[in-house]
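For reference, the structure discussed in these notes is given below.
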Amino acid sequence: MTTKPYTDLFARVRENRPLVHHITNYVTVNDCANITLCAGGAPVMADAPEEAAEMAAIASSLVLNIGTLNAAQIGSMILAGQMANERGIPVILDPVGAGATRFRTEMTRRLLDELEITVLKGNAGEIGVVAGAEATVRGVDSHGVSGDPLTIARGLATALGCTVAVSGAMDIVTDGKKALLVENGHPLMGRISGTGCMAASVTGVFCAESRDPVTATAAAFAALGLAGERAAAVAHGPLSFKVALFDELANLTPQDLAAGARVRTA
Amino acid sequence: MTTKPYTDLFARVRENRPLVHHITNYVTVNDCANITLCAGGAPVMADAPEEAAEMAAIASSLVLNIGTLNAAQIGSMILAGQMANERGIPVILDPVGAGATRFRTEMTRRLLDELEITVLKGNAGEIGVVAGAEATVRGVDSHGVSGDPLTIARGLATALGCTVAVSGAMDIVTDGKKALLVENGHPLMGRISGTGCMAASVTGVFCAESRDPVTATAAAFAALGLAGERAAAVAHGPLSFKVALFDELANLTPQDLAAGARVRTA
Amino acid sequence: MTTKPYTDLFARVRENRPLVHHITNYVTVNDCANITLCAGGAPVMADAPEEAAEMAAIASSLVLNIGTLNAAQIGSMILAGQMANERGIPVILDPVGAGATRFRTEMTRRLLDELEITVLKGNAGEIGVVAGAEATVRGVDSHGVSGDPLTIARGLATALGCTVAVSGAMDIVTDGKKALLVENGHPLMGRISGTGCMAASVTGVFCAESRDPVTATAAAFAALGLAGERAAAVAHGPLSFKVALFDELANLTPQDLAAGARVRTA
């Protein structure tokens, strides 16, 4: 496929520095903030019910991540999400650990019921659970799903009327009709905490500057994956890899992305 | 100006290792802990209402940061702040995002009303909002203030009876009468999350060992800025810069600070 | 002593990738997640009362850390701990800052009363406080204990019927009868935030695959300490040391551990 859209989109991101409002977990929140900056966005984290909607009202996209969810946070996610929907800005949902506990599964369903989600992003197990497939999630890791992930993702995207992204060795991004496969990435990305959360944040950054969530999400995954490939070349282990991952994404140019993105239509 | 006070103050910090109690946000809290250690202090984070005052009772300074404020945390800030005031230890307030939402603006006012703040530290937008100037804060970033930051800072310091520090390419520190300008720093400091929070923590460390908050705050900003200059020389991108920033601050000697501080009277 | 148990245990950890459920503080939680991965485990953090027990029900061990405790979290710790006890999986308790405030001391006692703790891990001050010895804890740092730490640890282990681990320049691990001394480590480990928390996480990983908590805890301390020794050789300061600490633990082989562990019977 042509890579022109990626060059233009990434250039726009870097120029406009979109504000990405996060309501996210306290484990990887710092990574989400820094990866947002490295991608070209401006992060803000605000989860108090007193200000969640007001912060969403000035943001360019909203990222909801249930990694350490509690009841109060769900309320703020609904408030922020409703404001985002009203304003028509993209909402990214990362259902971290859906399937591992009933609470996570049910709260994911509730967010999908009450909000219009633009991009639902998870690993194969999480997406499988949301789709009602037989899937196993242990903690926050996918331990397999029965059935073809692409078919499941397509079906779920059609049913929900949104874009579904499945992270993995090959990432899948689909709105039920169009489907893109992203081949960028490196196994070291699975050896640190937070890569999935970071992917959701970068997706929030790219979707903020695009009206095509499938392309924007694929571009986000390609950018992060490409940075991962470059980081792996200089890393001595998982944490020096992580430091380099941020550096490489920050140093990535729109031209680098266009040249290095390995995205194809399914 | 003479740099003798910086040498002495920094040497005292390193010798006494002051305990700095933080009630802060969950985004950059780890950075605050580590930068406190690198500066020469000992960090402790405790925000439960059951222990906030008791922890402040054994600390040498208190840092309040509203980056991810919620109602419960405000209560603990008041309790810890009252204890700090009673004991006469310095209280640093970082009104992160004041102006971005009414909640943050109002809670900043409440903290300023109910507590004696020693140093109010923010970016130009945040300080402008607190001062009642026309200022824009988008998320946690200053997007400009109308009027001269030094004049605004002086006026606010006089009105509040405290020291006001405005972070920026050139930092301003004033108690309304004396005003110091700190020129140390590097643009990469603005490309990672948490530099502002770290500056507040280092200010907490230095103020713990000084009776002159203007000098101590300028010394803190100069030390962090100088570490940033040195870190930039070895960095490959924002996150390797961040790692080096901590290393360089830890390796900075009182003599280095005295020799490298670029502080002048306004 | 023979190092064969370490080789076997570490190999088993790497093969089985045990899920370690953490209810921990928001300061070092990311470090706990990444060190768990580097040691060979899979971390999950979940502290909502709605899911704490259910997550513990699928985990291989549970780590409780009171570094930024609040009342809600205590309730979840009890729920998760009861499930862990019912299932017979190891529970590691890190009473961060016990002795610094009454809240921390009392909550530590409550957790010890209501749960069967497998390994109680703290610095000399914290363990001294729990044992009822004269001990001083300032913030989260031990400021000395009167009496011999080994004697205190032995007595406490016998009284509680669990394994007690005291971190320090020489770590002590004892169940009241057997006592092991671990000499691995490096002073730089005390210059970053979170080393103690990480030690508890690695202990959680190793204990998940062992029925001998004394040996497993000593192996965990030796592994982390050995990684620290190697990291110190390449570090330029505390934070590059921290990055290298994770890398080195991830790169450590069971054979490296067996060869480098400096553990002896007291």
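The values are calculated or read from the model by the stated rules, or taken from the named source; none is laboratory data. As the structure is a prediction and not an experimental result, all values here were calculated from the model. Here the Cβ positions follow ideal geometry from the backbone for every residue, glycine too, while neighbour counts run over all protein chains shown.
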For the structure I just gave you, tell me whether B:Ile35 is in contact with a Phe, Trp or Tyr (Cβ under 7 Å, 6 or more places away or on another chain), at negative phi and more than 7 Å from every other protein chain (Cβ to nearest Cβ).
yes
Please go through the range A:214-246 and give me each residue that is away from chain C (no Cβ under 14 Å) and of a type in the set (S, T, N, Q), ordered by number.
A:Thr215, A:Thr217
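Do we have any residue at all in the range A:223-233 that's closer than 17 Å to A:Cys162 by Cα and not small (Gly, Ala, Ser)?
Among the residues of the range A:223-233, not one is closer than 17 Å to A:Cys162 by Cα and not small (Gly, Ala, Ser), which makes the answer no.
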Checking B:Gly40 against (1) touching a Gly at 6+ places or on another chain (Cβ under 9 Å); (2) more than 9 Å from chain C (Cβ to nearest Cβ); (3) not polar (S, T, N, Q), the condition it does not meet
(1)
If I ask for residues that are free of Cβ contacts under 8 Å to residues at least 40 places away in the same chain and β-branched (Val, Ile, Thr), which ones from the range B:214-252 would you list?
B:Val234, B:Val243
Consider C:Gly99 against the criteria (1) within 14 Å of chain B (Cβ to nearest Cβ); (2) closer than 21 Å to C:Val202 by Cα: it satisfies all of them except one. Which criterion is unmet?
(2)
Test C:Leu249 against the stated conditions and say whether it is buried (at least 22 other Cβ atoms within 10 Å of the Cβ), within 19 Å of the chain's Cα centre (by Cα) and either within 13 Å of chain A (Cβ to nearest Cβ) or not in a helix (DSSP H, G or I) (or both).
yes
Which residues, taken from the range C:225-246, are of a type in the set (Lys, Arg) and either buried (at least 22 other Cβ atoms within 10 Å of the Cβ) or within 20 Å of the chain's Cα centre (by Cα) (or both)?
C:Lys242
Filter the range B:112-128 for residues that are assigned to a strand (DSSP E or B) and within 25 Å of A:Ala56 (Cα to Cα); the one that is farthest from the other protein chains (Cβ to nearest Cβ) is B:Gly122
Looking only at residues that are buried (at least 23 other Cβ atoms within 10 Å of the Cβ) and either in contact with a Ser or Thr (Cβ under 7 Å, 6 or more places away or on another chain) or modelled with pLDDT under 95 (or both) in the range C:52-68, which one is nearest to the other protein chains (Cβ to nearest Cβ)?
C:Met55
Tell me which of these B:Arg211 doesn't satisfy, since it passes every other one: (1) within 14 Å of another protein chain (Cβ to nearest Cβ); (2) without any contact (Cβ under 8 Å) to a residue 12 or more places away in the chain.
(1)
Condition first: buried (at least 24 other Cβ atoms within 10 Å of the Cβ) and not aromatic (Phe, Trp, Tyr). Now tell me which residues in the range A:210-224 satisfy that.
A:Ala216, A:Thr217, A:Ala218, A:Ala219, A:Ala220, A:Ala222, A:Ala223, A:Leu224
Yes or no: A:Leu156 touching a strand residue (DSSP E or B) at 6+ places or on another chain (Cβ under 6 Å), without any contact (Cβ under 8 Å) to a residue 60 or more places away in the chain and more than 14 Å from chain C (Cβ to nearest Cβ)?
yes
May I ask you to say which residue of A:Thr265, A:Thr203 is among the polar types (S, T, N, Q), buried (at least 20 other Cβ atoms within 10 Å of the Cβ) and within 20 Å of A:Val164 (Cα to Cα)?
A:Thr203
Filtered residues of the range B:90-111 (kept if buried (at least 23 other Cβ atoms within 10 Å of the Cβ) and not in a strand (DSSP E or B)):
B:Pro90, B:Pro95, B:Val96, B:Gly97, B:Gly99, B:Ala100, B:Phe103, B:Arg104, B:Met107, B:Thr108
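Quickly run through the range C:191-204 and pick out the residues that are aliphatic (A, V, I, L, M) and assigned to a helix (DSSP H, G or I).
Those that are aliphatic (A, V, I, L, M) and assigned to a helix (DSSP H, G or I): C:Met198, C:Ala199, C:Ala200, C:Val202.
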For the range A:130-169, enumerate the residues that are aliphatic (A, V, I, L, M) and out of contact with any Lys or Arg (no Cβ under 9 Å at 6 or more places or on another chain).
A:Ala131, A:Ala133, A:Ala135, A:Val140, A:Val145, A:Leu150, A:Ile152, A:Ala153, A:Leu156, A:Ala159, A:Leu160, A:Ala169
Is there a residue being surrounded by fewer than 24 Cβ atoms within 10 Å (Cβ to Cβ), free of Cβ contacts under 8 Å to residues at least 24 places away in the same chain, in a strand (DSSP E or B) and not acidic (Asp, Glu) anywhere in the range B:129-140?
no
Residue list for the range C:69-85, filter: at the interface with another protein chain (Cβ under 8 Å from one of its Cβ atoms) and either surrounded by 23 or more Cβ atoms within 10 Å (Cβ to Cβ) or touching a His at 6+ places or on another chain (Cβ under 9 Å) (or both)
C:Leu69
Go through the range C:27-62 and give me each residue that's in contact (Cβ under 8 Å) with a residue 12 or more places away in the chain, over 17 Å from the mean Cα position of the chain (by Cα) and assigned to a loop (DSSP other than H, G, I, E, B).
C:Ala46, C:Asp47, C:Ala48, C:Pro49, C:Ala57, C:Ile58
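Conditions tested, residue by residue: (1) at pLDDT 95 or above; (2) not in a helix (DSSP H, G or I).
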| site | (1), (2) |
| --- | --- |
| B:Gly147 | no, yes |
| B:Ile172 | yes, yes |
| B:Gly185 | yes, yes |
| B:Met189 | yes, no |
